[in-house]
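One structure below.
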């Protein structure tokens, strides 16, 4: 296991049997090598999603690991180490300990993180709510701009794409730079957590942000790349220091001999521990869209939603579309919002090309790289028996 | 001096040709497979590198399948007799197996029980080779042709079956080669399969007594 992210996050190890299966999994064609020839990942094309890793028949693809650095920080008494966990982690971590997929072990996970030595255990859901408030508001502004409402002229064009999947962002930057104005300017929940922790959090905890280490537990290997992006220094420091995956957290728990299944339930630390159900569904395809629609609906209609679920955007089809009628109180009319959900970068090209050619009728498009969303991310437990 | 003179045709031309084709294919498949499974460049470079070794492996695999298939289609009756022979185990075969036909140094055998055209050991080998070939073929082609669509777990299983079957077959064929070409008691059969197809009648009468008696009855 590599400990330094030098040339991309994902790499093929010497155990490669050259079966060539991974080239069909990779959404960007970053993997080269013919049948019988050891394969290689081009870090320039790789979006670090780790789908090849979890689908390799021989476990011969590996991701760069920061576990040793996290261990060092935990053992350093001069540092305060805070941790955040994405919604998709809590329903997958249990698989590493023999529980059924989908078992919610968040309270045991909080307890395990404290046993590992983390000083504060927070939850990414709070900043998932921040992301969706930003993204939902930005969508409203873009709609108002498109409708010619005064005061919104500087808002971006429609449709708006979601921005929380780092694999999707790298793909757009690499292949479709002209689509970037359409992508929401909101940071992902992980990268919103970092500066909040190192500014507001550090102030509340009365610690020097320089002495604070922010660790993320993510279902996603691309998050390792995202936290290393040079612009992610809003706090004046590296916003998120290290990312570990669900698998790596399980390895740490096992290595420390923690009896995970028999841990007493604990709660997350509170000051940024509160969140909504909209944040929880971020981990599934269509979740961000549904959360944004809830926000947009309530802001535009100025009404409380009786039924918060927008089931039209749920499902597992790679491309799904729906139209949601949202009453806009300020305009005294109902606005049909056309939305699209894409899961799997292989399916996004035609959607982008329609947008760039001016043919798209959508207002809001959610794009997630991994099939089914973050829940099936490259950092999740590998369950070969479920293939 | 033996009273039995002359020669017996044991393997006809098409059988010998099929055996040659299968043997050459087997050697190429074994070498290339070992080369890229264990990443031994000194072997794969003979074939132009790992990717080309794989290409040679796959197309040799096609020949490995089509060679015997054509032979079976052209010689179905003969093949049926072969299957009938190798799948029939008599008391003499069991007795032969108990003493390993006298091929094992520490088991003394005065006179091995009379054997059919193939002795009990050859019958077992024949059966194992057929099963092995089927496993290799049934796993090899999916590994090649459906590598993008098969689930990872199934693909992994195919590789494991393909690899371990190949290892067992290499050991079996190694043993077969030793007995057929090197062992002093049986190497006289080497020329029969690899060259003219004939075996001395005297040797046949000794090694394949039951079959020899059958041949005499027919005559």
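Rule-based calculations on the coordinates, nothing more; no lab input. Bear in mind the structure is a predicted one, so any value in this text is a computation, not a measurement. Cβ: placed from backbone, ideal geometry, glycine included. Neighbour counts: every protein chain shown.
Taking a ≥ b ≥ c as the square roots of the Cα gyration tensor eigenvalues, the protein assembly as shown comes out prolate, since a/c reaches at least 1.5 and a/b is larger than b/c.
First measure r as the distance between the Cβ atoms of residue B:108 and residue B:188, then evaluate 1/(1 + (r/R0)^6) with R0 = 22 Å and state the FRET efficiency to the nearest 0.05. Display every interim value, and only then the final one.
On the way: r = 21 Å, r/R0 = 0.97.
Efficiency computed from Cβ-Cβ geometry: 0.55.
From the square roots a ≥ b ≥ c of the eigenvalues of the alpha-carbon gyration tensor of segment B:11-218, which class results: rounded (a/c under 1.5), prolate (a/b over b/c), or oblate? Note, shape of segment B:11-218 comes out prolate. Helix B:50-74 and the longest principal axis of the Cα set of chain B meet at an angle near 40°.
What is the order of A:49, B:133, fewest Cβ neighbours within 10 Å to most? Before the final figure, lay out each step's value.
On the way: A:49 33, B:133 17.
Fewest-to-most ranking of A:49, B:133: B:133, A:49.
Choose one answer from A:222, A:172, A:317: the residue with the largest mean-square fluctuation in a GNM of chain A with alpha-carbon springs under 10 Å. Of the options given, A:317 has the highest mean-square fluctuation. Quick one: angle between helix B:76-86 and the longest Cα principal axis of chain B, in degrees between 0 and 90, rounded to 10, please. The two axes meet at around 70 degrees. Computed over chain A with a Gaussian network model linking Cα atoms closer than 10 Å, the most mobile of A:171, A:200, A:297 is A:200.
Panel order for B:134, A:116, by other beta carbons found within 10 Å of each beta carbon, from fewest to most: B:134, A:116.
Among B:135, B:145, B:74, the residue with the largest mean-square fluctuation in a Gaussian network model of chain B, with springs joining Cα atoms closer than 10 Å, is B:145.
Work out the mean other chain Cβ neighbour count within 10 Å for the residues of B:153-159 and drop it here as an integer.
On the way: counts 7, 3, 9, 9, 2, 2, 4.
Mean shielding count: 5.
Oblate is the label for segment A:322-384, because a/c, from the alpha-carbon gyration tensor with a ≥ b ≥ c as root eigenvalues, is 1.5 or above and a/b does not exceed b/c. Highest mean packing first, where packing is the average number of other Cβ atoms within 10 Å per residue, the peptides B:177-184, A:240-247, A:34-41 line up as A:240-247, A:34-41, B:177-184.
The long axis of helix B:120-145 is offset from the longest Cα principal axis of chain B by roughly 20 degrees. Modelled spin labels at residue A:147 and residue A:78, positioned 7 Å past Cα toward Cβ, are 5.6 nm from each other.
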